[in-house]
Ligand SMILES: [Zn+2]
């Protein structure tokens, strides 16, 4: 889940930065010899002095003007070809979805009614197995379909429509990317999804509609085959992230020339470690309400921060590129469709929606 600072939901933090080690290497790390420690300090100091040396010509920045305006100008003049987006809760706040941590309005603050020993327990697997009710009440509140995607979601969809999006990595579990029409194969939903559900005992797959029916009739979702508890495929603290999170970045980031980091303060690992995959030639643009420490380095050659609202930033980008009308038309077309679908799902609920779920195994 998207809010534990030190320990993310996975047991494999920063795996990509640490290739598998041989036993001998591990032994060396347990008991390094004094000379190897000195050697390592010497190497680090040499590296540091070489970076600080006033005589050294600073390496050129990825673009000549490392500001948001400079970035817009560069995009207009030269374009970008392979874009990756990394996003967090900040891209969904304008849709009305509470951020997890904002004091007063954050999700964790609103969990008091569930009387949890600690708010994050709602996403702890052990706690869930003992008492699944708080999670299911929350799931009902957050269930996809109640919220409309934001201009930022549609901007990312537009990047995909233009053939520029390599991959969208999201920490969000609100499904707004899917609703905005970003294809499933273009996404890595690092913290899981409500679109599929599995029995925790016998692993039978259940459809979104099956779960929705249970949630909205306040029925505890129990497996039709074995009576085990059925859980949406949201990644809890005790669980691993999806395989795609580990398998895809290496290839995805190879030729990526622009990395957007939107609506996240990069505090949650291992998700935040994805920024480290970007090649030195890749421009990294952070769009967030708060400044993020690692994007303010004095020797920065390829990082730009836009401190503010994600939607404001994407409208500025769209304007600079002459995409405003296109983005507006896409939003109008899609939100029109979305509103219609919502109405439809109220009036002719099950059949019209079941047809979209043909891939899911229907347990009945
Ligand atoms: Zn089962």
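Of everything in segment 227-257 that's free of Cβ contacts under 8 Å to residues at least 60 places away in the same chain and within 16 Å of the ligand (Cβ to nearest atom), which residue is surrounded by the most Cβ atoms within 10 Å (Cβ to Cβ)?
To start, the set of residues in segment 227-257 that are free of Cβ contacts under 8 Å to residues at least 60 places away in the same chain comprises 227-228, 230, 233, 242-244, 247, 251, 254.
Subsequent filtering for residues that are within 16 Å of the ligand (Cβ to nearest atom) retains 227-228, 230, 233.
Working: 227: 10, 228: 16, 230: 23, 233: 18.
So, considering only residues that are free of Cβ contacts under 8 Å to residues at least 60 places away in the same chain and within 16 Å of the ligand (Cβ to nearest atom), the one surrounded by the most Cβ atoms within 10 Å (Cβ to Cβ) is 230.
State all residues of segment 260-269 that are in contact with a helix residue (DSSP H, G or I) (Cβ under 7 Å, 6 or more places away or on another chain) and crowded, with 21+ Cβ neighbours inside 10 Å; if no residue qualifies, say none.
First pass over segment 260-269, keeping only residues in contact with a helix residue (DSSP H, G or I) (Cβ under 7 Å, 6 or more places away or on another chain): 261-264, 266.
Listed by number, the residues that qualify are 261, 262, 263, 264.
Quick one: residue 196 ticks every box in (1) closer than 27 Å to residue 273 by Cβ; (2) within 16 Å of the ligand (Cβ to nearest atom); (3) at pLDDT 95 or above bar one, so which box is it?
If we test residue 196 against (1) closer than 27 Å to residue 273 by Cβ; (2) within 16 Å of the ligand (Cβ to nearest atom); (3) at pLDDT 95 or above, just (3) comes out false.
Take residue 202 and tell me if it is within 13 Å of the ligand (Cβ to nearest atom) and in contact with a strand residue (DSSP E or B) (Cβ under 6 Å, 6 or more places away or on another chain). Break it down into steps so the answer makes sense when it comes.
Working: within 13 Å of the ligand (Cβ to nearest atom): yes; in contact with a strand residue (DSSP E or B) (Cβ under 6 Å, 6 or more places away or on another chain): no.
Judged against the criteria, residue 202 is not a match.
Mind checking which residues of segment 211-224 are in contact with a strand residue (DSSP E or B) (Cβ under 7 Å, 6 or more places away or on another chain) and either farther than 12 Å from residue 139 by Cβ or near the ligand (Cβ under 8 Å from one of its atoms) (or both)?
Within segment 211-224, the subset in contact with a strand residue (DSSP E or B) (Cβ under 7 Å, 6 or more places away or on another chain) is 211, 221-223.
Those that are in contact with a strand residue (DSSP E or B) (Cβ under 7 Å, 6 or more places away or on another chain) and either farther than 12 Å from residue 139 by Cβ or near the ligand (Cβ under 8 Å from one of its atoms) (or both): 222, 223.
The values are calculated or read from the model by the stated rules, or taken from the named source; none is laboratory data. Remember, predicted model here, so these are calculated numbers, not experimental data. Cβ coordinates were reconstructed from backbone atoms using ideal geometry, including for glycine residues, and neighbour counts include every protein chain displayed.
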